[in-house]
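Structure first, commentary second.
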Amino acid sequence: GDAFASGGSAGYDHKVMGITARGAWESVKRHFRELNHDTQRQPFDVVGVGDMGGDVFGNGMLLSKHIRLIGAFNHMHIFCDPEPDAAESFKERKKLFNKVKGWGDYNTRKLSKGGRIYLRSEKKLTLTPEIRKRFDIDSEKVTPNELIQAMLRARTDLLWFGGIGTYIKATTENHTDVGDKGNDALRINATEIRARVVGEGANLAVTQAARIEFSRKGGRINADFIDNSGGVDSSDHEVNIKILMAEVMNGDRHKMSLSSRNNLLENMTQDIANLVLRNNYQQAQAISLMEMQAAKNLTAHARFIRDLERNHGIDRAIEGLPDEEEIEQRQQAEKGLTRPELAILQAYAKILFSKDLIATNLPAPPFLPG
């Protein structure tokens, strides 16, 4: 019927629920919690990719009233607010979100001293002293691409990705490896990031090799398939409910109408959101627990990687998992796998656990109804 893995009609609107951003924010909160910083009580600086009209960026930048958005860019504009007032800028962002507007519609009177909104189509941008200081830029005039690169390298608490494009690569990669030619002129290396936390509300903002490199130098990051899984998870719930209700609608006993089913789906929205967010919370928490024991469990993790290669057709190079030489070096240095690497292992562990469970008689009657 209307049950599709990407979300069907008469189902859950991801933007209205804000579920992808809210799910990714669970990862962000986990990172900051482990840095002893409460994002719901304490201010923190953010640089982002996207605008308030976008689902993930827009919803994400409304999830704390203590966000100090110092810079952001989309395909048209570069937003710079060197010393924002958190409360005032929150109100202005919310206005743009509700009207589905971009940075060009931001009330510039709400910007802090020296704040500017530039067009990316300009050949040269004249920077204010405040912008130069905030983003550590020596020149008074720069190209739009140079300003964006400086923003990606900025001293900030959070780098929040909510727009399309791959902006961070590893030093071992070249731009051709990344496969996003349109952003070659903007892309920086993971070693250049000075943000403490990276939140991947968008897909493919950072390459897996870059995530690992950033993580190994002390940055906090998971992976896009961990951070932004909320939207997919929400659609999965929708599909499963619709499949279940199809039997109720078509059966002789109940004959539930389509409108009744749709009302039921709508009434379950908050319950579904709670389930999805709980899953996001537990995924990030599980990776943190794995990270705490990563050095001690490296031998076990190495065995699991070998098993994945031998028995399940996994190519560790493609997955960005360390080779035997690298594992030996980490053992000698008493270092374990990074969060992005542990995210890969967690994903495959869940897949294999599910397959093993299905192979038992647990999914069959009398344990579950047939």
Top-ranked residue in region 207-223 [being out of contact with any helix residue (DSSP H, G or I) (no Cβ under 6 Å at 6 or more places or on another chain) and closer than 22 Å to PHE44 by Cα; ranked as surrounded by the fewest Cβ atoms within 10 Å (Cβ to Cβ)]: GLY218
Residue pairs meeting the criteria (Cβ under 9 Å; at least 6 apart or on separate chains; first of a type in the set (Lys, Arg), in region 280-298; second assigned to a loop (DSSP other than H, G, I, E, B) and open to solvent by less than 60 Å² (accessible area, probe 1.4 Å)): LYS296/GLY336
Output for region 93-121, where each listed residue is open to solvent by 90 Å² or more (accessible area, probe 1.4 Å) and either in contact with a Pro (Cβ under 9 Å, 6 or more places away or on another chain) or part of a strand (DSSP E or B) (or both): LYS113, ARG116, SER121
Residue in region 289-306 that is modelled with pLDDT under 95, farther than 22 Å from ILE19 by Cα, out of contact with any His (no Cβ under 7 Å at 6 or more places or on another chain) and assigned to a helix (DSSP H, G or I) present: no
Count of region 184-203 residues which are crowded, with 18+ Cβ neighbours inside 10 Å and free of Cβ contacts under 8 Å to residues at least 40 places away in the same chain: 2
Residue within region 339-354 that is of a type in the set (Gly, Ala, Ser) and outside any helix (DSSP H, G or I) present: no
Residue in region 170-177 that is touching a residue at least 60 places away in the same chain (Cβ under 8 Å) and either in contact with an Asp or Glu (Cβ under 7 Å, 6 or more places away or on another chain) or surrounded by fewer than 24 Cβ atoms within 10 Å (Cβ to Cβ) (or both) present: no
Residue that is nearest to VAL276 (Cα to Cα) [pool: residues in region 15-65 that are hydrophobic (A, V, I, L, M, F, W, C) and under 12 Å from the mean Cα position of the chain (by Cα)]: ILE19
Pair list, Cβ < 8 Å and 6+ apart or interchain, from region 1-27 residues that are at pLDDT 85 or above and among the aromatic types (Phe, Trp, Tyr) to residues that are assigned to a helix (DSSP H, G or I) and open to solvent by less than 30 Å² (accessible area, probe 1.4 Å): TYR12/ILE19; TYR12/SER234; TYR12/SER235; TYR12/GLU238; TYR12/LEU265; TYR12/ILE272; TRP25/GLY60
Index of the failed condition, PHE73 passing every other in (1) open to solvent by less than 10 Å² (accessible area, probe 1.4 Å); (2) within 15 Å of the chain's Cα centre (by Cα): (2)
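Here's the yes/no breakdown for (1) in contact with a Pro (Cβ under 8 Å, 6 or more places away or on another chain); (2) of a type in the set (A, V, I, L, M, F, W, C); (3) open to solvent by less than 50 Å² (accessible area, probe 1.4 Å):
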residue	(1), (2), (3)
ILE287	no, yes, yes
GLU291	no, no, no
LEU298	no, yes, yes
ALA302	no, yes, yes
GLY320	yes, no, yes
GLU326	no, no, yes
Among the candidates ALA21, ALA10, ALA87, residue that is closer than 30 Å to LEU264 by Cβ and either out of contact with any Phe, Trp or Tyr (no Cβ under 8 Å at 6 or more places or on another chain) or of a type in the set (Asp, Glu) (or both): ALA10
Some residue of region 39-50 being assigned to a helix (DSSP H, G or I), touching a residue at least 60 places away in the same chain (Cβ under 8 Å) and on the phi < 0 side of the Ramachandran plot: no
Residues of region 128-141 classified as open to solvent by 10 Å² or more (accessible area, probe 1.4 Å) and either touching a Lys or Arg at 6+ places or on another chain (Cβ under 9 Å) or under 29 Å from ASN203 (Cβ atoms) (or both), total: 8
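The values are calculated or read from the model by the stated rules, or taken from the named source; none is laboratory data. What you are looking at is a predicted structure, and each value in this text was computed from that prediction instead of being measured. We place every Cβ from the backbone using ideal geometry, glycine too, and count neighbours over all the protein chains shown. In case anyone asks, the SASA skips ligands and DNA or RNA and just uses the protein heavy atoms, side chains included. Shrake-Rupley method; radii C 1.70, N 1.55, O 1.52, S 1.80 Å.
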